[in-house]
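Written out below as structure tokens is the structure these notes cover.
The values are calculated or read from the model by the stated rules, or taken from the named source; none is laboratory data. In this text, all values refer to a predicted model and were calculated from it rather than measured experimentally. In this analysis, Cβ positions are derived from the backbone assuming ideal geometry, glycine residues included, and neighbour counts consider all displayed protein chains.
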């Protein structure tokens, strides 16, 4: 199983069928910049749990400043899993995260009745709580071909092909989102069947209950925090960190806010000031999408960090 930062001794695998006591996974979610990291450590200490990170970018050891990785003091306070435990050059998918996270929960629930998972990557949270569909592995060459077509022909050409290969999914997908159109085409062409026929759209059975806690702040305060955090990242050396990542810019791990804007600056497309302002804007937009995603969680407890300190 994955090991927490600073530890070296893996534990024996224990199956859920070996467990008797009811188990609960507490999911502490919220938009970027809301303050999850600091609160997660206090909550982990209160419930006696390690912190299981559910952040799709903090996984990578080369990414630190740009992904707001917890500092070393916080990492030493309680064990953290899925933090800087692999390279950006290692292919890693949400499906693999699901497998790794469930295996980790198998281990940890042998010693804990309550575990804490923290993050803002909604798809990764869903993978652990509900399960992902079994999608075929996609060849890198096919993905590159589709992305090349997207850049040359535009999204309309890919939309038309998707409409032929999978009219059902074509009727429901956000056709303005190129990532979703490309992903559906990848699966259709790889599996030889419609993407809509492979998606299960039904949750897997989990042998633990889930309690969702979503942190929030007023929109104005959240945006101010995001802007200030970007300025802080730049002061801490994000520009140089991004420069070191230039050789890996084609990898999925680097197609993220904070790096792609600086890559455009290195290419001479925009000034540094423009890049910084784009990082702020795109991070604010990402936070808005996260809030929309978390709004789907039925029974979630929404806590305003500014007003509900007692509840926290």
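Give the range 260-302 a look and list any residue that's in contact with a strand residue (DSSP E or B) (Cβ under 6 Å, 6 or more places away or on another chain) and outside any helix (DSSP H, G or I), or say none.
The first filter runs over the range 260-302 and keeps only residues in contact with a strand residue (DSSP E or B) (Cβ under 6 Å, 6 or more places away or on another chain), leaving 294, 297, 300-302.
Matches in the range 260-302: 297, 300, 301, 302.
Return yes or no: is residue 198 crowded, with 20+ Cβ neighbours inside 10 Å and touching a residue at least 12 places away in the same chain (Cβ under 8 Å)?
Working: crowded, with 20+ Cβ neighbours inside 10 Å: no; touching a residue at least 12 places away in the same chain (Cβ under 8 Å): yes.
It is false that residue 198 is crowded, with 20+ Cβ neighbours inside 10 Å and touching a residue at least 12 places away in the same chain (Cβ under 8 Å).
If residue 277 satisfies all but one of (1) at pLDDT 95 or above; (2) touching a helix residue (DSSP H, G or I) at 6+ places or on another chain (Cβ under 7 Å), what's the number of the condition it fails?
For residue 277, the failing item is (2).
Among the residues of the range 212-226, is there at least one that is in a helix (DSSP H, G or I), at pLDDT 95 or above and either over 22 Å from residue 40 (Cα atoms) or in contact with a strand residue (DSSP E or B) (Cβ under 8 Å, 6 or more places away or on another chain) (or both)?
yes
Output the residue which, of all residues in the range 126-138 that are out of contact with any strand residue (DSSP E or B) (no Cβ under 6 Å at 6 or more places or on another chain) and part of a helix (DSSP H, G or I), is nearest to residue 34 (Cα to Cα).
Let us first name the residues in the range 126-138 that are out of contact with any strand residue (DSSP E or B) (no Cβ under 6 Å at 6 or more places or on another chain), namely 126-128, 130-138.
Now narrow it down to the ones that are part of a helix (DSSP H, G or I): 126-128.
Numbers: 126: 20, 127: 22, 128: 22 Å.
Filtering first and then ranking leaves 126.
Could you please give the count of residues in the range 151-186 that are under 27 Å from the mean Cα position of the chain (by Cα) and not in a loop (DSSP other than H, G, I, E, B)?
Of the residues in that region, 16 qualify.
Given the conditions (1) under 27 Å from residue 248 (Cα atoms); (2) surrounded by 21 or more Cβ atoms within 10 Å (Cβ to Cβ); (3) in contact with a helix residue (DSSP H, G or I) (Cβ under 6 Å, 6 or more places away or on another chain), and given that residue 82 satisfies all but one, which numbered condition is not satisfied?
(3)
Given the condition modelled with pLDDT under 85, within 28 Å of residue 291 (Cβ to Cβ) and surrounded by 15 or more Cβ atoms within 10 Å (Cβ to Cβ), answer yes or no: does some residue in the range 118-132 qualify?
First pass over the range 118-132, keeping only residues modelled with pLDDT under 85: 123, 132.
Remaining after also requiring within 28 Å of residue 291 (Cβ to Cβ): 123, 132.
Keeping just the survivors that are surrounded by 15 or more Cβ atoms within 10 Å (Cβ to Cβ) gives 132.
Checked the range 118-132: at least one residue is modelled with pLDDT under 85, within 28 Å of residue 291 (Cβ to Cβ) and surrounded by 15 or more Cβ atoms within 10 Å (Cβ to Cβ).
So which pairs qualify, if the first residue must be in the range 20-44 and in the same structural domain as residue 256 (by TED's automatic domain parsing), the second must be surrounded by fewer than 19 Cβ atoms within 10 Å (Cβ to Cβ), the Cβ gap must be under 9 Å, and the two must be at least 6 apart or on different chains?
Correct list of pairs: empty, since none qualify.
Quick grid of which residues meet (1) out of contact with any strand residue (DSSP E or B) (no Cβ under 8 Å at 6 or more places or on another chain); (2) part of a strand (DSSP E or B):
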position: 41; (1), (2): no, no
position: 63; (1), (2): yes, no
position: 106; (1), (2): yes, no
position: 117; (1), (2): no, yes
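Contact list please: Cβ distance under 9 Å, first residue in the range 165-193 and under 13 Å from residue 155 (Cβ atoms) and in the same structural domain as residue 145 (by TED's automatic domain parsing), second residue modelled with pLDDT under 85 and loosely packed, with under 11 Cβ neighbours inside 10 Å, pairs at least six apart or on different chains.
Final answer for the pair search is 180/174; 181/174.
Could you run through the range 263-312 and say how many residues are surrounded by 13 or more Cβ atoms within 10 Å (Cβ to Cβ) and at positive phi?
0
So residue 305 fits all but one of (1) modelled with pLDDT of 95 or more; (2) more than 20 Å from the chain's Cα centre (by Cα); what number is the exception?
Result: residue 305 passes all but (1).
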